[in-house]
Amino acid sequence: MTDGHGRSISYLRLSVTDRCDLRCRYCMAEDMHFLPKSAVLTIEEMGDLAERFVSRGIRRIRLTGGEPLVRRGIDMLAMRIGAMIGHGLDELTLTTNAMRLADHAPMLVRAGVRRINVSLDTLDPHAFRHITRVGDLDVALRGIAAARDAGLAIKINMVALAGLNEDQLLPMLSWCTANGCDLTLIETMPLGEIEQDRSDHYIPLHQFIAPLRAQRAIWPIDKATGGPARYFAVEDSPVTLGLITPLSDNFCATCNRIRLTVEGRIYMCLGQDDHVDLRARLREGGDVDGLIDAALAGKPRAHDFHIERKSVPAVARHMSATGG
Ligand code: SAM
Ligand code: SF4
């Protein structure tokens with residue numbers, strides 16, 4: 001599949017639920033309203049669409065959300081998609097907060113998942129509770145350990161938050177080194193209304209990593225994934241450090257992905273509202289190929305993020321709705 005700007009599209013992010021068992025401050029409001037069941041694709045509909053996308057040329061699928069492991073039937077979906085590995089699909093991955101990972105890790109391995117991303121913004125239990133509002137750090141760490149024991153490779157995603165985890169980069173790097181994980185840092189993006197002004201906690205990554213640079217050299221390495229991260233090696237560390245800088249340094253030129261929401265909408269860009277709705281056509285028993293073509297033709301060249309005091313979010317929907 002090729003989009004209207006000549007970019008080859010081979011990566012699908014599939015949001016399997018907008019619900020979550022955490023309430024991370026940068027992601028959701030405390031009293032989030034979730035979608036009614038009728039608006040949400042069934043597990044079977046998601047499986048059908050995933051197969052359609054793979055037949056159209058998608059080679060990698062990432063399950064995300066919301067928290068994918070709270071979705072009932074996630075095991076069936078993972079098994080169904082995993083069965084396409086080697087038959088058009090190269091890889092199935094998952095992004096999770098690890099709260100339910102201890103229970104699900106063996107199932108993921110059985111489904112063919114080999115690596116996962118885990119969101120972990122701090123190793124300080126109090127800060128973890130504060131950032132997630134309800135989370136228990138021990139549960140997350142036990143989930144990560146179980147995943148590692150089951151044989152999954154793990155990349156930690158850490159959102160850089162001024163005043164909340166600026167002191168955590170060096171401890172996190174040491175922890176990743178000790179636990180065999182890679183580490184990717186993410187700038188907070190203006191998606192969906194949250195209770196606070198996001199600019200209170202926004203920090204550009206060049207500033208967030210200054211304490212690391214003061215101690216160790218980092219240098220770019222060649223690891224092109226078509227994703228938004230740029231990768232670096234760190235002196236005296238086996239950890240690959242990824243930096244995702246949507247605000248301070250736009251990453252759209254090589255974007256190879258599309259996103260399917262739990263409502264069955266294709267969003268061609270995380271930072272734009274344009275979308276195509278597959279659900280109605282799917283439920284009428286119609287052919288979704290023409291809609292997929294329309295979505296490809298309409299994929300925007302770039303997102304339009306900016307973060308300023310009191311500015312409204314670039315898009316109204318939350319990251320949890322589109323699939324992070
Ligand atoms: N619940 C899972 C998790 O937290 O890993 C998967 C979904 S979550 C929306 C995916 C990723 O998006 C997480 O790494 C999270 O930290 C990140 N995220 C959520 N809201 C964000 C925002 N406003 N800006 C930047 N990253 C965000
Ligand atoms: Fe849930 Fe992930 Fe959003 Fe945190 S970042 S509230 S874990 S969806």
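Computed from the coordinates by the stated procedures, all read-outs in this text should not be read as laboratory data. Keep in mind the model is a prediction, meaning the values are calculated, not measured. Using ideal geometry, Cβ is built from the backbone for each residue, glycine included, and neighbour counts are taken over all protein chains shown.
Numbers for the structure displayed
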{"quantity": "Within-11-Å neighbourhood charge of V113 [Cβ basis; K, R +1; D, E -1]", "calculated": "+3"}
{"quantity": "Ascending count of other beta-carbon atoms within 10 Å, so fewest first, for W175, W219", "calculated": "W219, W175"}
{"quantity": "Three-way shape label, segment 125-188, alpha-carbon gyration tensor, a/c 1.5", "calculated": "oblate"}
{"quantity": "Whole-number Å³ per residue for the convex hull built on Cα positions in the chain", "calculated": "123 Å³"}
{"quantity": "Neighbour-count order for E187, E51, E235, fewest beta carbons within 10 angstrom listed first", "calculated": "E235, E51, E187"}
{"quantity": "MRE, 222 nm, helices only [DSSP H, n ≥ 4, -39500 (n - 2.57), over the chain, to nearest 500]", "calculated": "-8000 deg cm²/dmol"}
{"quantity": "11 Å beta-carbon shell around A160, net charge (K/R +1, D/E -1)", "calculated": "-3"}
{"quantity": "Amide H partners (placed H, <5 Å) of D90, local residues excluded", "calculated": "R60"}
{"quantity": "DSSP beta bridge pairing in the chain, given as percent antiparallel to the nearest 5", "calculated": "30 percent"}
{"quantity": "Phi-based couplings in Hz for segment 88-96 (Karplus 6.51, -1.76, 1.60; Gly and Pro marked x)", "calculated": "x, 9, 8, 7, 10, 10, 8, 10, 9"}
{"quantity": "Charge sum, other residues only, whose C-beta stays under 14 Å from D75's C-beta, Lys/Arg counted +1 and Asp/Glu -1", "calculated": "+3"}
